[in-house]
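See structure below.
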Amino acid sequence: MNDREIVELHIVSDSTGETAARLVAALEAQFPEQPFEEIRHPQIETIDDLQLAVNRARGRPAVMVYTLVDRELREAMRTLCRSARVHYCDLLGHPIESIARVSGMAAKMKPGARPPLNSTYFKRMEAIEFAVKFDDGVGSGLREADIVLAGVSRTSKTPLSIYLGYLGYKAANVPLVKGITPPEELFEIDATKIVGLTIDAERLAEIRQARVRSMGGPNRHYAEMVEIYDELDEAAALHRRLGCPVIDVTGQSIEETAHRVVRLVARRRQEATVP
């Protein structure tokens, strides 16, 4: 039983607080044995609002994590926290000021400002549509793809492809099925953009058994260990034939795997261009 004192993470924002909440989640992951309580203070508009938030944390094992674009509110928050002797973390202040200095442009300073519908946005939408269109070996798309994923069933190919699309990369995926030859196109495309996916056999069995139960399907061989070992062995042989790097997705989040894929492909492309 964990008897550690709960640390309060107060999320203070002049908008919804989602930006700060995402960082707080990443921070919490670095302290797996420490219990936390998240307390949100959204839609902050005045110094009085800030005072109420700080008063709630005063004398507590707490950290004020805030995203305030208004300079006056940021300065007031810093002063209030120091006066109350509460730890604080300003997430936007320094980045905004640094970018303004480098770019020579003033920040918009609008709470809850949304990213513009620019070329980056439309590239992302196009990439997500691409991932859906060419999911699970449907159609071709391998030549047009920025990244091609190859792995057995239930190695997160679909969600990974869609997340890569969110990052702006056109990702196609090819299921490696025992006894079925993958499309010839897989061996003809630029090999530097192919990444293999694998997973621990026991973990794969658990995932597939849950899948069979939820679908009510009769295909028990799909989740049998002997069948799984054979599938993984055949997939490993194909990965070797392709000469592609392989990522073990066991225990990895989609985000972690996606960034590893992007780094691998970028590195291989760079190495391929070096004379």
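Please work out if Arg124 is of a type in the set (D, E, K, R), at pLDDT below 85 and part of a loop (DSSP other than H, G, I, E, B).
Numbers: of a type in the set (D, E, K, R): yes; at pLDDT below 85: yes; part of a loop (DSSP other than H, G, I, E, B): no.
Answer is no for this residue.
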field: The lone exception for Arg208 - which of (1) modelled with pLDDT under 95; (2) of a type in the set (D, E, K, R); (3) under 25 Å from Ala127 (Cα atoms) it fails
entry: (3)
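Out of the residues in region 16-53 that are small (Gly, Ala, Ser) and under 16 Å from Met77 (Cβ atoms), state the one that is modelled with the highest pLDDT.
Here is the first cut: in region 16-53, the residues small (Gly, Ala, Ser) are 17, 20-21, 25-26, 29, 53.
In the following step, the residues that additionally are under 16 Å from Met77 (Cβ atoms) were identified as 17, 20, 53.
Numbers: Gly17: 82, Ala20: 84, Ala53: 95.
It comes out as Ala53.
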Where a residue in region 64-85 is on the phi > 0 side of the Ramachandran plot and its partner, wherever it lies, is surrounded by fewer than 19 Cβ atoms within 10 Å (Cβ to Cβ), with Cβ under 9 Å and at least six apart: Arg85/Arg58; Arg85/Gly59
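Quick one: would you say Ala25 is small (Gly, Ala, Ser) and loosely packed, with under 15 Cβ neighbours inside 10 Å? Before you say what the answer is, go through the steps one by one.
Working: small (Gly, Ala, Ser): yes; loosely packed, with under 15 Cβ neighbours inside 10 Å: yes.
In short, yes.
Hey, among Leu149, Leu142, Leu232, Leu186, which residue is crowded, with 18+ Cβ neighbours inside 10 Å and part of a strand (DSSP E or B)?
Details: Leu142 fails: part of a strand (DSSP E or B); Leu232 fails: part of a strand (DSSP E or B); Leu186 fails: part of a strand (DSSP E or B).
Only one candidate passes the filter, namely Leu149.
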- prompt: With (1) part of a loop (DSSP other than H, G, I, E, B); (2) within 29 Å of the chain's Cα centre (by Cα); (3) over 24 Å from Glu97 (Cα atoms) as the list, and Gly59 as the residue in question, which single condition is left unmet?
  reply: (2)
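Do you know which residues across region 235-275 are among the small types (Gly, Ala, Ser) and part of a loop (DSSP other than H, G, I, E, B)?
Taking region 235-275 and keeping what is among the small types (Gly, Ala, Ser), we get 235-237, 243, 251, 253, 258, 266, 272.
Selection gives Gly243, Gly251, Ser253.
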query: Any residue in region 91-111 that is in a helix (DSSP H, G or I) and modelled with pLDDT of 80 or more?
result: no
- line: Within region 9-32, the residues that are under 21 Å from Ile47 (Cα atoms), of a type in the set (A, V, I, L, M, F, W, C) and touching a residue at least 60 places away in the same chain (Cβ under 8 Å) are Val12, Ala20
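The values are calculated or read from the model by the stated rules, or taken from the named source; none is laboratory data. No experiment lies behind these values; they were computed from the predicted model shown. Cβ: placed from backbone, ideal geometry, glycine included. Neighbour counts: every protein chain shown.
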